[in-house]
1. Out of the range 58-83, which residues are assigned to a loop (DSSP other than H, G, I, E, B) and over 23 Å from Ala48 (Cβ atoms)?
2. If I go through the range 50-72 residue by residue, how many of them are farther than 16 Å from Met4 by Cβ and of a type in the set (Asp, Glu)?
3. Name every residue in the range 16-32 that is part of a loop (DSSP other than H, G, I, E, B) and surrounded by 10 or more Cβ atoms within 10 Å (Cβ to Cβ), in order of residue number.
4. Working only within the range 47-63, note down all residues that are hydrophobic (A, V, I, L, M, F, W, C), modelled with pLDDT under 95 and either on the phi < 0 side of the Ramachandran plot or surrounded by 12 or more Cβ atoms within 10 Å (Cβ to Cβ) (or both).
5. Filtering the range 17-45 down to residues that are among the β-branched types (Val, Ile, Thr) and modelled with pLDDT of 95 or more, which residue is nearest to Trp76 (Cα to Cα)?
6. Taking only pairs six or more apart or across chains, which ones have beta-carbon atoms under 6 Å, a first residue in the range 47-65 that is under 19 Å from Ala32 (Cβ atoms), and a second residue that is surrounded by fewer than 14 Cβ atoms within 10 Å (Cβ to Cβ)?
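The values are calculated or read from the model by the stated rules, or taken from the named source; none is laboratory data. These numbers were taken from a predicted model, which means no experiment stands behind them. Methodologically, a virtual Cβ is constructed for each residue, glycine included, from the backbone with ideal geometry; neighbour enumeration extends over all protein chains shown.
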Amino acid sequence: MIRMVLHGFTGPMTLNGKPFTTPAPLMPPQGAALNDQQIADVLTFVRASFGNTASAVSPEEVRTIREAEAARTAMWTEADLQKIPVQ
């Protein structure tokens, strides 16, 4: 989720086993507009709302991924994200 907030997400995706497509990016990049704390706060809210019970996201986690992906200029796609091991 951090990567998608930082750099955005575009293209078709599979949602609950069904293809999902929109004409515009599904998630515009927010990395330039939001700092690490703000991104952590938003993702923590999402992960704890809407029936979710996932753990909080820390600003340190956001910073680590922001630094690791600093050279990235393209939005993420489903194929890109599938290559990253789930932690």
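1. Hits for the range 58-83 are Glu69, Ala70, Ala71, Arg72, Thr73, Ala74, Met75, Thr77, Lys83.
2. The qualifying residues number 2.
3. Passing the criteria: Thr22, Pro25, Leu26, Pro28, Pro29, Gln30, Gly31.
4. Ala48, Ala54
5. Step one: of the range 17-45, the residues among the β-branched types (Val, Ile, Thr) are 21-22, 39, 42, 44.
Next cut, modelled with pLDDT of 95 or more only: 39, 42, 44.
Numbers: Ile39: 17, Val42: 19, Thr44: 21 Å.
Out of the qualifying residues, it is Ile39.
6. Short answer, once both residue conditions are applied: Pro59/Gln37.
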